[in-house]
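The structure appears right after this line, and notes come after that.
The values are calculated or read from the model by the stated rules, or taken from the named source; none is laboratory data. Note that this is a predicted model, so its numbers are computed, not measured. Positions of Cβ are backbone-derived with ideal geometry, glycine not excepted, and every protein chain shown enters the neighbour counts. To get the accessible areas, we keep the full protein, side chains included, count just its heavy atoms, and leave off ligands, DNA and RNA. Shrake-Rupley method; radii C 1.70, N 1.55, O 1.52, S 1.80 Å.
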Amino acid sequence: MGKALTLVLRNLESYIESSFDAISIFLCIHILHRYEAILKRRNVPCLASYLQRLQSQLWPRFEMIVELNLASIRDCEPSKLGHIDIRPHYITRRYAEFSAANVGINESQPQHKVLELLGRLQQEVENFILRMAAEFPGRKEQLVFLINNYDMMLAVLTERTSDDSKESESFQQLLNARTGEFVEEALSPGFGGMISFVKDIEPLMERGQGARIKTDQSKKRVEHHVRAVGHLLLNLTVVASLLEPFIPAVIALTLQTPVSSPSWKYHP
C-alpha cells in the first residue's frame, strides 16, 4: 500500500510541475477536502496523512500560478495592447471567468487563503482597468469603457456565484458610482448649473438649515436655473417637432433591418 501511495505522489508532483491550470488544481484541493470530511465522518484516519501530503503539493503550485497572474496584470502596459475601444476588454473577461470559477468552487468550503489571493487579483484588475480607461482622451469615453467592463464582470460573477459575494458587491458599487458620474457628465451641458445648485443645497437641508435657501442670492440662482431648463425644454420641443415627420420612416427601416446583439463569449 505504501509503494502505491508513493507512486501516486510522484506522478502528481510530475504532473503539476508543468501545469498552469489554477482552476483544475484548486478543484483537486477541494475534492481532497471532501475526502477528508468523508473519512473523518466514517472514522477512517489511516489516509489522513496521505491526503495532507497531496494538499502540500497542490497548494504551493496553486499560489504560484495566481501570483504569476498577479504579476502579469500588474506589469501589463495598456499602450502595448494595440487598439482599445469602449467594449469590454478580453483581459477583464478572462479575469471574470477565472474569478467566478474559483469563487464558485470556494463557496461550499471557503478557504481564507483563496479569498486573500482573489482579493489581491481583483485589486490589480481594477487598477489595470483604470489604466486602460486613461488611454481614452475624453471623460465620457473613459466612463463608458469602465461601465461596460464593470457590467460584464458583474454579469459573469452573478451568473456563476451568489449575488452577495464580495466580488459581486464590489463591482456593483463601482458600476453604480461610474454610472452616476456618467449621468452627471451627460447632463452637465444643459443642467450643470442646477446639478451644482442641488449639491450645494442638499447639505443645508440635511442639517436643517433650509432657511438659508431663502436668501436673495439663492432665489436668483433658482430663477436662473429654471429659465435655463425652460429654454432647453423649448429647444428639445422644436427639435422633436422637426423630426416628427421622419419618425414613421425610421421605425419602418428599423423593423426591416435585423439587429444582432454582440456576443461576449470567450474563445480561448
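Results, tabulated for the structure shown:
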quantity: Any pair with Cβ under 8 angstrom, 6 or more apart, that starts in segment 155-171 at a residue that is modelled with pLDDT under 80 and small (Gly, Ala, Ser) and ends at one that is in a helix (DSSP H, G or I) and open to solvent by less than 10 Å² (accessible area, probe 1.4 Å); calculated: 162/168; 165/157
quantity: Positions within segment 86-108 being in a loop (DSSP other than H, G, I, E, B) and either hydroxyl-bearing (Ser, Thr, Tyr) or in contact (Cβ under 8 Å) with a residue 60 or more places away in the chain (or both), in sequence order; calculated: 86, 87, 88, 89, 108
quantity: Count of segment 5-50 residues which are touching a helix residue (DSSP H, G or I) at 6+ places or on another chain (Cβ under 7 Å) and at pLDDT 85 or above; calculated: 14
quantity: Pairs where the first residue, in segment 126-139, is surrounded by 12 or more Cβ atoms within 10 Å (Cβ to Cβ) and the second is acidic (Asp, Glu), C-beta under 9 Å, 6+ apart; calculated: 131/77; 133/141; 139/181; 139/185
quantity: Out of 122, 55, sole residue that is at pLDDT below 90 and assigned to a helix (DSSP H, G or I); calculated: 55
quantity: Members of segment 164-180 found to be part of a helix (DSSP H, G or I), open to solvent by 40 Å² or more (accessible area, probe 1.4 Å) and not small (Gly, Ala, Ser), listed by number; calculated: 166, 169, 172, 173, 174, 176, 178, 179
quantity: Near pairs, Cβ below 7 angstrom, 6+ apart or cross-chain, from segment 27-50 (within 17 Å of residue 101 (Cβ to Cβ)) to any residue that is outside any helix (DSSP H, G or I) and open to solvent by 40 Å² or more (accessible area, probe 1.4 Å); calculated: 30/109; 33/109
quantity: Cross-chain or 6+ apart pairs with Cβ under 6 Å, segment 182-195 first and farther than 22 Å from residue 147 by Cα and part of a helix (DSSP H, G or I), then among the aliphatic types (A, V, I, L, M) and at pLDDT below 65; calculated: 190/232
quantity: Set 119, 82: member being within 25 Å of residue 134 (Cβ to Cβ) and more than 21 Å from the chain's Cα centre (by Cα); calculated: 82
quantity: Residue among 83, 89 that alone is over 19 Å from residue 16 (Cα atoms) and surrounded by fewer than 16 Cβ atoms within 10 Å (Cβ to Cβ); calculated: 83
quantity: Criterion: of a type outside the set (S, T, N, Q) and open to solvent by 40 Å² or more (accessible area, probe 1.4 Å) - qualifying residue of 61, 74; calculated: 74
